[in-house]
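The values are calculated or read from the model by the stated rules, or taken from the named source; none is laboratory data. Fair warning: this is a prediction, and the values are worked out from it, not measured in the lab. For neighbour counting, all protein chains shown are included, and Cβ atoms are generated from backbone atoms with ideal geometry for every residue, glycine included. For the accessible areas, the whole protein counts, side chains as well, though only heavy atoms, and no ligand, DNA or RNA atoms are used. Shrake-Rupley method; radii C 1.70, N 1.55, O 1.52, S 1.80 Å.
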Amino acid sequence: MKNQAVFLDRDGTINTDIGYLNHPDQLELIPRAAHAIKLLNDAGFITVVITNQAGIAKGFLHEALIPEIHNRLSALLNTENARIDRFYYCPHHPEAAVEHYRIACQCRKPLPGLVFQAARELEIDVLHSYVVGDKSCDIELAHNVGATAIMVLTGYGTRELTKHREANLKPPHYIAPDLYDAVQLILNDSSKK
């Protein structure tokens, strides 16, 4: 039997979005985010971060810092006994300043490449999983892979939800004030399946 997962955006969903985060010391957890992730851990969900990191392509962040940033995020979560099972990121952008990253990839959200990679590596049943994020691309990603889409209103969530609606894109299945409330929806929804 395959695993259920929650695919989490990083900046604006788990930690405060400060623009282009480019140092581990800039990380600050959104209130209740660690508790929310611990609830997912305790319920048996695989927790996976899927994040676009265009700052690499634009020259604002060295790719070598990504593992340090994710280690720091893991350490912050660990203080509340929460964990992320795997981190995936896309360093590309079609208009990248750094030529090496200027490619049309399949890993940049809302394209499904990283979700499918995680599904293969972690034996995830994507159709019975969830995508949670504060941007339109997270909601589109969920629809592109057949997962349940949850928009959080932290980070850019409120503004992005308005833009998403104005563009007449397929709406999220759920909207939540923050990750903690999103997890409550997930736990309630998954108990019915």
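For residues in region 148-176 being touching a residue at least 24 places away in the same chain (Cβ under 8 Å) and of a type in the set (D, E, K, R), which is farthest from V126 (Cα to Cα)?
K163
Every residue, every condition in (1) in contact (Cβ under 8 Å) with a residue 12 or more places away in the chain; (2) open to solvent by 60 Å² or more (accessible area, probe 1.4 Å); (3) over 18 Å from the mean Cα position of the chain (by Cα), yes or no:
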residue	(1), (2), (3)
L39	yes, no, no
L61	yes, no, yes
R83	yes, yes, no
Y88	yes, no, no
A97	yes, yes, yes
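Here are some conditions: (1) within 22 Å of G113 (Cβ to Cβ); (2) assigned to a loop (DSSP other than H, G, I, E, B); (3) modelled with pLDDT of 95 or more. T51 meets all but one. Which one does it not meet?
Result: T51 fails condition (2) only.
How many of the residues in region 157-179 are surrounded by 19 or more Cβ atoms within 10 Å (Cβ to Cβ) and assigned to a loop (DSSP other than H, G, I, E, B)?
2
May I ask you to list the residues in region 141-156 that are over 23 Å from N3 (Cβ atoms) and either in a helix (DSSP H, G or I) or open to solvent by less than 20 Å² (accessible area, probe 1.4 Å) (or both)? Lay out the reasoning, then the answer.
Filtering region 141-156 for residues over 23 Å from N3 (Cβ atoms) gives 151, 153-156.
Hit for region 141-156 is M151, nothing else.
Only one of (1) in contact with a Lys or Arg (Cβ under 6 Å, 6 or more places away or on another chain); (2) in a helix (DSSP H, G or I) is not met by K38, so which one is it?
(1)
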